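A short write-up of the structure that comes next.
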Amino acid sequence: MSRWDGKTKGSLTGYKIFLFIINTLGLGFAYGLLRVVTYYYYLFAARPKKALLDFYQNTLHISGSNARKMARRNFYIFGQTLVDRAAFLLGKDRQFSHVFENEQYLIDIRDAGRGGILLSAHLGNWETAGNLLKGRITPTINIVLLDAEVENIKKYMDLSTGGSRFKVIAIKDDLSHVISIRNALVNNEFVAIHADRYLEGARFIEMDFLGRKARFPYGPFVIASKFNAPVTFVFAAKDGKYSYHLSCTKPIEAKMKPEEIAQLYVEELERKVKAFPEQWFNYFNFFQS
């Protein structure tokens with residue numbers, strides 16, 4: 001089974017169709033259409049489905065029929081998060097509500113004036129969460145990622161919706177992104193990093209995750225350990241048709257080694273996966289053979 005290749009899949013035509021539907025027919029209609037579209041993917045997207053079934057059956061120990069039902073629901077909720085992202089950026093955010101568990105932690109980080117590092121994962125819908133946080137907690141949120149989306153889709157989304165409401169710090173081979181992270185923290189801004197995927201050939205740290213060996217990218221934990229800024233783990237899971245549950249952990253203030261931060265991160269990620277198993281959106285072989 002293949003590893004993650006750093007690229008976001010999707011078709012330009014698909015984005016155009018759903019942006020049109022959301023604008024003209026509304027979210028409810030878009031969700032209805034998603035049931036058909038995502039069922040098609042469930043039937044014919046063999047590799048993602050195989051990865052999900054392995055995760056549900058061999059990691060979470062869910063029985064065969066229930067694992068298949070959860071995989072179908074996973075595809076559907078993932079489709080919803082993509083539609084939600086576009087709807088939010090199209091100005092339909094008033095349809096959404098959210099609760100924020102431990103929101104005060106982020107307020108305290110902001111008020112401390114040192115910026116903050118938010119480690120997250122591909123579980124739930126972080127992009128919409130970032131848009132919800134902006135303005136409510138802080139005027140500026142930076143997200144560190146591999147800017148490897150298909151270029152014509154990215155351009156179309158930017159043109160149609162005005163783009164995301166946060167800054168993107170693209171990971172570069174020349175490590176210039178480290179300077180951008182430092183500058184953001186100096187300006188008392190939040191920097192969000194996904195810490196659950198690594199590219200083949202990059203440095204990684206092997207951890208026990210849900211009873212199996214898994215490799216996590218080393219870079220996010222090095223960054224979290226090197227800068228003089230509090231570190232917290234932030235997640236955003238869909239918990240209703242138009243609602244989200246956001247949460248963050250008590251900030252790490254003391255200097256810690258990357259491996260120590262990684263251990264705490266993995267423990268929190270395990271709790272979130274168990275609470276929202278249908279929102280695990282890593283469609284590749286996450287574990288080592």
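For R136, the requirement of being crowded, with 17+ Cβ neighbours inside 10 Å and basic (K, R) is not met.
Is one or more of the residues making up region 250-265 within 30 Å of R72 (Cβ to Cβ) and surrounded by fewer than 20 Cβ atoms within 10 Å (Cβ to Cβ)? Before the answer, list the steps.
Taking region 250-265 and keeping what is within 30 Å of R72 (Cβ to Cβ), we get 265.
The next check asks that each one be surrounded by fewer than 20 Cβ atoms within 10 Å (Cβ to Cβ); those that pass are none.
Checked against the condition, which is being within 30 Å of R72 (Cβ to Cβ) and surrounded by fewer than 20 Cβ atoms within 10 Å (Cβ to Cβ), region 250-265 yields no hits at all.
Could you count how many residues in region 175-210 are of a type in the set (G, A, S) and over 21 Å from the mean Cα position of the chain (by Cα)? Residues flagged as of a type in the set (G, A, S) and over 21 Å from the mean Cα position of the chain (by Cα) within region 175-210 amount to 2. Restricting region 32-70 to residues that are among the small types (G, A, S) and part of a loop (DSSP other than H, G, I, E, B), the residue that is most open to solvent (accessible area, probe 1.4 Å) is S63.
Annotation: S247 fulfils all but one of (1) open to solvent by less than 10 Å² (accessible area, probe 1.4 Å); (2) in a helix (DSSP H, G or I); the unmet one is (2).
The residues in region 86-98 that are in a helix (DSSP H, G or I) and either surrounded by fewer than 18 Cβ atoms within 10 Å (Cβ to Cβ) or small (G, A, S) (or both) can be counted, and the count is 5. The single condition from (1) in contact with a helix residue (DSSP H, G or I) (Cβ under 8 Å, 6 or more places away or on another chain); (2) under 23 Å from Y56 (Cα atoms) that Q263 fails is (1).
For E268, the conditions (1) under 21 Å from F100 (Cα atoms); (2) at pLDDT below 95; (3) touching a Phe, Trp or Tyr at 6+ places or on another chain (Cβ under 7 Å) are fulfilled apart from (2). Just to be sure, is F29 over 19 Å from R72 (Cβ atoms), out of contact with any Gly (no Cβ under 7 Å at 6 or more places or on another chain), at pLDDT 90 or above and surrounded by 12 or more Cβ atoms within 10 Å (Cβ to Cβ)? For F29, the condition - over 19 Å from R72 (Cβ atoms), out of contact with any Gly (no Cβ under 7 Å at 6 or more places or on another chain), at pLDDT 90 or above and surrounded by 12 or more Cβ atoms within 10 Å (Cβ to Cβ) - is met. Please work out which one of (1) surrounded by 15 or more Cβ atoms within 10 Å (Cβ to Cβ); (2) touching a residue at least 40 places away in the same chain (Cβ under 8 Å); (3) part of a helix (DSSP H, G or I); (4) of a type outside the set (S, T, N, Q) is the condition A237 fails and give its number. So the condition that A237 fails would be (3). Put simply, of I223, I193 the only residue that is open to solvent by less than 30 Å² (accessible area, probe 1.4 Å), of a type in the set (V, I, T) and not in a helix (DSSP H, G or I) is I193. Confirm whether I193 is of a type in the set (A, V, I, L, M), at pLDDT below 95 and in contact with a Pro (Cβ under 9 Å, 6 or more places away or on another chain). Taking the combined requirement at face value, the residue satisfies it. Within region 164-187, residues that are in contact (Cβ under 8 Å) with a residue 60 or more places away in the chain and within 22 Å of R114 (Cα to Cα) reach partners that are surrounded by fewer than 18 Cβ atoms within 10 Å (Cβ to Cβ) and of a type in the set (S, T, N, Q) with beta carbons closer than 9 Å, at six or more positions or on different chains, in the pairs A184/T140; L185/N228; N187/T140.
Within the bounds of region 99-114, is there any residue that is of a type in the set (D, E, K, R) and in a strand (DSSP E or B)? Yes, region 99-114 contains a residue that is of a type in the set (D, E, K, R) and in a strand (DSSP E or B). When R165 is tested against (1) at pLDDT 70 or above; (2) open to solvent by 20 Å² or more (accessible area, probe 1.4 Å); (3) touching a Gly at 6+ places or on another chain (Cβ under 8 Å), only condition (1) is not met.
The values are calculated or read from the model by the stated rules, or taken from the named source; none is laboratory data. The shown structure was predicted, so the numbers you read here are calculated from the model rather than taken from an experiment. Note that we place each Cβ from the backbone using ideal geometry, even for glycine, and neighbour counts take in every protein chain shown. Accessible surface areas use protein heavy atoms only, side chains included; no ligands, DNA or RNA. Shrake-Rupley method; radii C 1.70, N 1.55, O 1.52, S 1.80 Å.
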